[in-house]
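The values are calculated or read from the model by the stated rules, or taken from the named source; none is laboratory data. All values derive from a computational prediction rather than experimental measurement. All Cβ positions, even for glycine, are placed from backbone atoms using ideal geometry, and neighbour counts span all protein chains on display.
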Amino acid sequence: MKKKVVFLGLLLLMLVVPVFSSGCGRKKDAGLTRVRLNEVTHSVFYAPLYVAINLGFFEEEGISLELTTGQGADKVMTALLAGQADIGFMGPEATIYVFNQGQDDYVVNFAQLTKRDGSFLMARSPDPNFRWEAVRGTTIIGGRKGGMPLMTLEYVLKNNGIYPGRDVEILTNIQFALMAGAFAGGEGDYVTLFEPVATSLEREGVGYVVASVGEHSGEIPYTVFSARKSYLEKNKDIIQKFTNAVYRGQLWVDKNTPVEIARAIKPSFPETEEAVLENVARRYKEIDAWAKTPVFTEPAFNRLQDVMELAGELDKRAPYEKLVTNRFAAEAVRMVK
């Protein structure tokens, strides 16, 4: 049987690092309850979250949000398991890896934010008539092994008859946060990047977006909000208010234009020009990247595991009823108008 080492370090960490277990256990400032959220990366791809933050939806729900960036789902999961975050925002594949290791206090997904891959394939020169066949015989900087960006890329490649290791070389040894720098430094023929990093490289003439990975992969539950089972059980009111704020952000983004979205998320990207944010928001709107509600369906969960199996990263399938709860999402849809 193939041995899995993914997240082994996280599980060892659990043995030596204490986990918060005293209910919410957060200090309150001006009547607000502090909630620590660790996001997988900082990207316009997560616009509904930043809208909810910047328009005060979390505060109106009684939450003071403390946001940190993990730079990778493995690091977000580490923060959750170590008690350094209350809620994680990452690909749900991470929760499957941990559950399959036999943990009692596993991590449960409770609200979905995006429904497609948010990365874009970049080449070293423009290719307006790009076809996936063009990557045959080349090298792609693809991200961390076992992570959603790499698995979705491989899913798209295989659906186009291109097999990693045989038809194309995919580099998996470059850290997520360093992928753009490696490409700019001459590594690889292609790279997959999130926004606004991709647009920034385009403006510098370093690379050019030739394809949306999410557009070609179809709908996949790409990024979700998750928390340990014990935290969900002890903090139902906080999780409900958190989910309400997320859904309000989703509704706002769905109803507003890229121009308005760019203006709303600008405080979260102070060093990025508003015109760039608008362009990026338009790209994500065009591929229908954002989920309309936080409900995480069973067909979507099964599709995720199909992608993981195809990538060779899943020994056994995990049960939907244990790793996903729609209790809070369904109530948010009922309550929030």
**Asked** Are any residues in the stretch 71-90 at pLDDT below 95 and under 11 Å from the mean Cα position of the chain (by Cα), and if so, which ones?
**Response** 71, 72, 73
**Prompt:** Within the stretch 172-194, restricting attention to residues that are under 14 Å from residue 138 (Cα atoms) and within 20 Å of the chain's Cα centre (by Cα), which residue is surrounded by the most Cβ atoms within 10 Å (Cβ to Cβ)?
**Reply:** 191
**Message:** Which numbered condition in (1) at pLDDT below 50; (2) in the same structural domain as residue 252 (by TED's automatic domain parsing); (3) not in a helix (DSSP H, G or I) is the only one that residue 13 fails?
**Reply:** (3)
**Request:** All but one of (1) within 24 Å of residue 87 (Cβ to Cβ); (2) in contact (Cβ under 8 Å) with a residue 12 or more places away in the chain; (3) not aliphatic (A, V, I, L, M) hold for residue 142, so report the exception by its number.
**Result:** (1)
**Item:** Residue that is nearest to residue 31 (Cα to Cα), among those in the stretch 83-107 that are aliphatic (A, V, I, L, M) and out of contact with any helix residue (DSSP H, G or I) (no Cβ under 6 Å at 6 or more places or on another chain)
**Value:** 87
**Check on residue 266, touching a Leu at 6+ places or on another chain (Cβ under 7 Å) and surrounded by fewer than 19 Cβ atoms within 10 Å (Cβ to Cβ)** = yes
**Request:** Kindly provide the set of residues from the stretch 41-58 that are over 16 Å from residue 237 (Cβ atoms) and either in contact with a Cys (Cβ under 7 Å, 6 or more places away or on another chain) or at pLDDT 95 or above (or both), ordered by number.
**Result:** 46, 47, 48, 49, 50, 51, 52, 53, 54, 55, 56, 57
**Request:** Quick one: which residue in 94, 111 is in the same structural domain as residue 327 (by TED's automatic domain parsing), touching a Pro at 6+ places or on another chain (Cβ under 6 Å), crowded, with 23+ Cβ neighbours inside 10 Å and small (Gly, Ala, Ser)?
**Result:** 111
**Message:** It is to be established whether one or more residues within the stretch 207-220 are farther than 25 Å from residue 65 by Cα, over 21 Å from the mean Cα position of the chain (by Cα) and either hydroxyl-bearing (Ser, Thr, Tyr) or outside the structural domain of residue 169 (by TED's automatic domain parsing) (or both).
**Reply:** yes
**Request:** For residue 260, indicate whether it is more than 18 Å from the chain's Cα centre (by Cα), farther than 23 Å from residue 90 by Cβ and not in a loop (DSSP other than H, G, I, E, B).
**Result:** yes
**Prompt:** Residue check: is residue 321 free of Cβ contacts under 8 Å to residues at least 24 places away in the same chain and either closer than 29 Å to residue 95 by Cα or in a loop (DSSP other than H, G, I, E, B) (or both)?
**Reply:** yes
**Request:** Go through the residues of the stretch 151-158 one by one and say whether even a single one is in a loop (DSSP other than H, G, I, E, B) and either in contact with a Lys or Arg (Cβ under 6 Å, 6 or more places away or on another chain) or in contact (Cβ under 8 Å) with a residue 12 or more places away in the chain (or both).
**Result:** no
**Asked** Which residue out of 181, 118 is not in a helix (DSSP H, G or I) and not aliphatic (A, V, I, L, M)?
**Response** 118
